[in-house]
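Q: I have a structure here, written as structure tokens, and I will follow up with some questions on it.
The values are calculated or read from the model by the stated rules, or taken from the named source; none is laboratory data. Everything quoted here is computed from the prediction, not taken from an experiment. All Cβ positions, glycine included, derive from the backbone under ideal geometry; neighbour counts span all protein chains shown. Side chains are part of the model used for accessible areas, which takes the heavy atoms of the whole protein and leaves out ligands, DNA and RNA. Shrake-Rupley method; radii C 1.70, N 1.55, O 1.52, S 1.80 Å.
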Amino acid sequence: QVQLVESGGGLVQAGGSLSVSCAASVRIFRINAMAWYRQAPGKQRELVETIISGGTTNYADSVKGRFTISRDNAKNMVYLQMNSLKPEDTAIYSCNADVQPSRWQNSRDYWGQGTQVTVSS
């Protein structure tokens, strides 16, 4: 059973940096697009950035120039480096991936459990 497991996050002061990572729990045949989402208290979930298998990225305007997404295809991992953090970046960050578990299975979406990022002012 495929699971995505996030790590990292925590508490940081405004202007600081944090990183979060996401790994697949088992060996996977192929991961297509990967993404980070976040959800702040009382707000809808927001797409933060995506990265496809070829490396092309797409960022939300609110994080451009501050956040960097990357992936390691060999390790089936995706990373999010967050710099110049602001209090409004406080949220639960979750990874999402379009995963084909084996060559005999279709691709589908998988989600991590989420990790808390808190930015104090």
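Q: Give me the net charge of P101's neighbourhood, meaning all other residues with Cβ under 13 Å from the Cβ of P101; Lys, Arg count +1, Asp, Glu -1.
A: Charge balance near P101 sits at +2.
Q: Also, quick follow-up: If exposed chymotrypsin sites (Phe, Trp or Tyr not before Pro) are those in a DSSP loop with at most 16 other Cβ within 10 Å, what is the longest stretch of the chain that has none?
A: The longest such stretch corresponds to 30-103.
Q: Given H placed 1.01 Å from N in the peptide plane, which residues other than close sequence neighbours of G114 have an amide H under 5 Å from its amide H?
A: The answer is E6, C95.
Q: Compute the relative contact order of the chain as a whole-number percentage, counting only Cα pairs closer than 8 Å that sit 6 or more residues apart in sequence.
A: Averaging sequence separation for qualifying contacts and normalising by length gives 36 percent for the chain.
Q: Related question: Grab the alpha carbons of the chain, take their convex hull, and tell me the volume per residue in Å³.
A: Spelled out: Cα convex hull of the chain, divided by residues, is 95 Å³.
Q: Something else about it: Taking every DSSP beta bridge that has both residues in the chain, what percent is antiparallel when rounded to the nearest 5?
A: Numbers: 40 of 45 bridges.
Around 90 percent antiparallel, to the nearest 5.
Q: Given H placed on each backbone N at 1.01 Å, which residues far from R71 in sequence or on other chains put an amide H within less than 5 Å of it?
A: Under 5 Å from the amide H of R71: Y79.
Q: Please compute the per residue accessible area over the chain with all protein chains in place, 1.4 Å probe, rounded to a whole number of Å².
A: That works out to 55 Å² per residue.
Q: Continuing with the same structure: Using a 1.4 angstrom probe and counting only protein chains, how large is the accessible area of E6 in Å², to 10?
A: For E6, solvent-accessible area is about 10 Å².
Q: For region 69-121, just run the numbers: alpha carbon Rg, then divide by 2.2 N^0.38 Å, N being how many residues it has.
A: Dividing the Cα Rg of region 69-121 by 2.2 N^0.38 Å gives 1.46.
Q: Turning to a different aspect of this structure: Of all the accessible heavy-atom surface of region 50-121, with the other protein chains kept in place and a 1.4 Å probe, what percent is carbon and sulfur?
A: Of the solvent-accessible surface of region 50-121, carbon and sulfur hold 46 percent.
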